[in-house]
1. Over the Cα atoms of the protein assembly as shown, what is the Rg over Rh ratio if Rh follows Kirkwood?
2. Sort B:13, A:84 by Cβ crowding within 10 Å, fewest neighbours at the top.
3. From the square roots a ≥ b ≥ c of the eigenvalues of the alpha-carbon gyration tensor of the range B:162-234, which class results: rounded (a/c under 1.5), prolate (a/b over b/c), or oblate?
4. Rounded, prolate or oblate: which one fits chain B, using the alpha carbon gyration tensor with axes a ≥ b ≥ c (rounded when a/c is under 1.5, else prolate when a/b beats b/c, else oblate)?
5. When you look at the Cβ of every residue in B:189-197, what mean number of other chain Cβ atoms sits within 10 Å?
6. Using alpha carbons only, how many angstrom separate the centre of the range B:116-142 from the centre of the range A:46-108?
7. Hey, what did chain A get for relative contact order, percent, Cα under 8 Å, at least 6 apart?
8. What is the Cα centroid distance between the range B:48-62 and the range A:126-205, reported in whole angstrom?
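Each reported figure results from applying straightforward, stated rules to the coordinates on display, with no laboratory input. Since the model is a prediction, treat every value here as computed from it, not as a measurement. Quick reminder, even Gly has a Cβ in these numbers, built from the backbone with ideal geometry, and neighbours come from all protein chains shown.
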């Protein structure tokens, strides 16, 4: 198996046969040294590069080294990493935390959702003790959050403790999309009722000049 | 259809709002909602007005929706960690913390068992959150709240009957109490707890309260006299 990978490296590109090496998770691909670097879908252990996904091996040749990657046949390999800004939809709100579902990582829309939690202490940077989750998020809100270092197995922890993070889209009790009026309130355009939320300061990427 | 105060209204009707030269605020109670520049009715009932600017719809309801500040009668059904789960007849069970009793500390746990009846106040009640109860007021005093003594009888009635008997104009509880000694806890969730000396008196008072559903205030007074006479005659 590792010979096939090394073989793919040694053949010059125009004479290379179309050898598609299919691999399974845990399969040892090749030696990990200066010339072979593990890319996405692989990991390095005990001096060797192993695959993490079931898919096709792809070798990216650079000047002095080559990156070994594994691409899964279906779907994305992207997962939330600590520090990423993700877009999530709030599902359940309790006194101490709110559960949400990650829909996008950065600009990439995910094909499968990931579960996440925003704890009471991570909602706001200031006055962490006085924060009430019910006044920051409600079920159905779309929020921007930053992924915190992983602690639990199946859930990501998000933080909205920055000005640019928080609620982006929210619907009022009558089902209409609300308009932000301050950093802590949004207003429904039909019933004029103001509801408290932790509003995100969304900076527009493009500014049109008339 | 435009309606006036005192009419029987249906969802979709529009209120004839008072003139805009009043320059006051309109307070919309349950059953009313603002839609652009109109006030729409969302539940069926009788439109009422209090004072100059408070409007609401009196509707017949049996299902309780938790409202912050209401005092309710609930049954303890579960205990998990630091909280009790209490059934108050709403869509979700309410949570009652161990520390929300008078004189309760982490070492001094309150004596509450599963199956006990509690008379508590709703601290937090929202559409999206689990209701939270407390058995102590903001000063830390128990008052009338807390676990109710044994030997009582719980029954349910509609929510508007609860509001009717708690109305200061209604003399029912006073008239009954002048002849029959009893203890009662009236919960805004439609549940009442009653304790008297004998089963006959309990049944008499329960029947009197349930019959008062469709009676006017003056008819209620004569109903109470009838009940008391019947009890004495037995």
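1. Using only Cα positions, Rg/Rh for the protein assembly as shown is 1.16.
2. The fewest-first ordering by Cβ neighbours comes to A:84, B:13.
3. In terms of gyration-tensor shape, oblate.
4. oblate
5. Numbers: counts 0, 0, 0, 0, 0, 0, 0, 0, 0.
Taking the mean over all residues of the peptide, I get 0.
6. When both Cα centres are located, 45 Å separates them.
7. On the way: 463 pairs, mean separation 26.1, N = 210.
Computed over chain A, the figure is 12 percent.
8. Measuring centre to centre over Cα atoms gives 34 Å.
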